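The structure appears below as structure tokens.
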Amino acid sequence: MDLQVEKVEEIHGTIKAPASKSYSHRAFIAAALAEGRSVLKDPLYSEDTLATLEACEALGALFERYPDKCIVQGTAGYIRTPDNVIDVKNSGTSVRILSSIAAIIPRANYTVFTGDESLRKRPMQDLIDALENLGVTIYSTQNNGTPPIIVKGGFDGGETDINGSVSSQFISSILMAAPYSKNPVTLNVRGTFVSKPYVNMTLSVMSKFGIDFEYDTTNVPEYSSYYIENQTYESTEYTIEGDYSSASYILAVAAMIPSSITIKNLYKDSMQGDKIIVDIISKMGATVEVHDDYIHIESDGNLKAFDINLSNAPDLLPTVAVLMAQAEGTSRITGVEHARYKETDRVHNCAIELENVGVDVEEHRDGLIIKGQPTGGTIDSHLDHRMVMAFYVLGLKIGNIKIKDAACYDISFPNFIEVMDSISK
């Protein structure tokens, strides 16, 4: 499906932010591992999160899906060997976190994870190495550190190190499985710790489901350590907050176009790293009021560029790139080398597609230097949901943008077009 995006004159209304994709993944997994029946309120049912939900079903948990809640009968850690290969489609979060979870199945049983062409290029060697030190038998079928991944049951525990500069999902993966290891787990994170807010979100979910942990930085730069003893996830009632990642497109379009809009279900005290989008549009010139559970934005649509490090919020790269592309001045986005290992190489692809719509852009290993102004044109989505939504927002600002292969926004924001239509005039 291709999308032709035309310019709109103003943005206004009151809408509810979609539920957090990151929290939904983690809540589905924690509820599946819990003893008893959990109720998850306001979950996100998107292509990615459904990949996790269906994988948890294959591992033995029972899910009842309703529009406003999900009822989960957990396994208390007694997960079963799947009847078939588990296909997580395009969801890197699913394959990475669940690879550790599968290791708690009794020994001699195997679980196989695969996905689409893009997922089968996602690096996992750091996770494989760290799990092997914990007594897990895990390997890539291609012997190149990428899916398909085979996991043999058996999680001894112990101590392991992991590189923090590639993906926080590796750290979340080991932490979520650790309560069901045979022995306590000590996980040492070495080097630059990218996307740390996502690990904090993981620990927050685990805590809500009754898991205790210890965390130690020891005041040593570039070193963190987590310690988790054997214990059982407890069932609970858990409400999933709104997603700053998905809401970033709404916030961006409200900043770029004359607007007055209120977005509900965004929490002031959220742990989400992508909450930084609020500070970004404020610094660029939008007027933002942050309340306990909603945000109000007003803007005249005239924004100024500035420099920003996105090391803790790499998913914002496409959104911030298009914001900077239509702002006055030159901006530098840094700290996003790890965004090259997402669904696509987002640093490179953002550079390519910004050039395709007339933007002066310079690509660096860890970011971009951007100088507008865009004139429009045709872009390739690269089958990346965040690229589609970011360039759709830019199209609403300047018009004359066509996005090829755009249907993949379903991965994280199934009603994205309807939401944009509801606030665009």
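The values are calculated or read from the model by the stated rules, or taken from the named source; none is laboratory data. Just so it is clear, the model here is predicted, and its values are computed rather than measured. Using ideal geometry, Cβ is built from the backbone for each residue, glycine included, and neighbour counts are taken over all protein chains shown. The accessibility values were calculated without ligands, DNA or RNA, using every heavy atom of the protein model including side chains. Shrake-Rupley method; radii C 1.70, N 1.55, O 1.52, S 1.80 Å.
Tell me whether segment 270-425 comes out rounded, prolate or oblate; compute the Cα gyration tensor, take square roots of the eigenvalues as a ≥ b ≥ c, and use a/c under 1.5 as the rounded threshold.
Values: a/c = 1.21, a/b = 1.10, b/c = 1.10.
It is rounded, given that a/c, with a ≥ b ≥ c, falls under 1.5.
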>> If I compute solvent accessible area with a 1.4 Å probe over the protein chains, what percent of it on segment 106-226 is carbon and sulfur?
In response: 44 percent
>> Taking amide H atoms as placed 1.01 Å from N in the peptide plane, list the residues 5 or more away in sequence, or in a different chain, whose amide H sits under 5 Å from that of Lys7.
In response: Gly399, Asn400
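Taking 8 Å as the Cα distance limit and 6 or more residues as the minimum spacing, I'd like the relative contact order of the chain as a percentage. Don't skip to the answer; put the middle values down first.
Working: 1086 pairs, mean separation 78.4, N = 425.
Relative CO of the chain lands at 18 percent.
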> Of the beta bridges DSSP finds with both residues in the chain, what % are antiparallel, to the nearest 5?
Replying inline: 65 percent
> Using a simple spin-label model with points 7 Å from Cα along the Cα→Cβ vector, what separation in nm is obtained for Lys404 and Arg340?
Replying inline: 2.4 nm
> Which of the lysines could be linked to Lys208 by a straight reach, that is with a Cα gap under 26 Å, when you skip same-chain ones fewer than 8 residues away?
Replying inline: Lys16, Lys21, Lys41, Lys69, Lys182, Lys196, Lys264, Lys268, Lys275
> Based on the alpha-carbon gyration tensor of segment 344-425 and its eigenvalue square roots a ≥ b ≥ c, which shape applies: rounded if a/c is under 1.5, prolate if not and a/b is larger than b/c, or oblate?
Replying inline: oblate
> How large is ³J(HN,Hα) for each residue in segment 406-421, as worked out from phi by the Karplus curve 6.51 cos²θ - 1.76 cosθ + 1.60 (θ = phi - 60°), to whole Hz, x for Gly and Pro?
Replying inline: 9, 5, 5, 4, 4, 4, 10, 9, x, 9, 4, 5, 4, 5, 5, 5
>> Mean-square fluctuation check for the chain, GNM, Cα pairs under 10 Å: which of Val194, Val290, Val357 is largest?
In response: Val290
> What percent does the relative contact order of segment 190-323 come to when contacts are Cα pairs within less than 8 Å and at least six residues apart?
Replying inline: 25 percent
>> Which residues does the label zone of Asp212 cover in segment 154-190, counting backbone N under 19 Å from a point 7 Å along Cα→Cβ?
In response: 158, 175-187
> Which of Asp293, Asp68, Asp384 moves the most in a Gaussian network model of the chain with Cα springs under 10 Å?
Replying inline: Asp68
> Taking θ as phi - 60°, what are the ³J(HN,Hα) couplings along segment 306-321 by the Karplus curve (6.51, -1.76, 1.60), each to the nearest whole Hz, with x for Gly and Pro?
Replying inline: 7, 9, 8, 9, 10, 4, 9, 9, x, 5, 7, 3, x, 4, 5, 4
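For segment 115-167, what does the relative contact order come out to in percent, with C-alpha contacts under 8 Å and a separation of six or more?
Values: 72 pairs, mean separation 19.0, N = 53.
Computed over segment 115-167, the figure is 36 percent.
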> Which chymotrypsin sites (Phe, Trp or Tyr not before Pro) in segment 274-360 pass both tests, a DSSP loop state and at most 12 other beta-carbon atoms within 10 Å?
Replying inline: none
>> Helix-only estimate, please: 222 nm mean residue ellipticity of the chain, summing -39500 (n - 2.57) across DSSP H runs of length 4 or more and dividing by its residues, to the nearest 500.
In response: -9500 deg cm²/dmol
> When the Karplus curve 6.51 cos²θ - 1.76 cosθ + 1.60 is applied with θ = phi - 60°, which whole-Hz ³J(HN,Hα) does each residue of segment 113-126 get, with x for Gly and Pro?
Replying inline: 10, 9, x, 7, 4, 5, 5, 6, 10, 6, x, 9, 4, 4
>> Over the chain, with the other protein chains present, what is the accessible area per residue in square angstrom, probe 1.4 angstrom?
In response: 37 Å²
> For the chain, modelled as a Gaussian network with Cα springs under 10 Å, which listed residue fluctuates most, Asp300, Asp161, Asp279?
Replying inline: Asp279
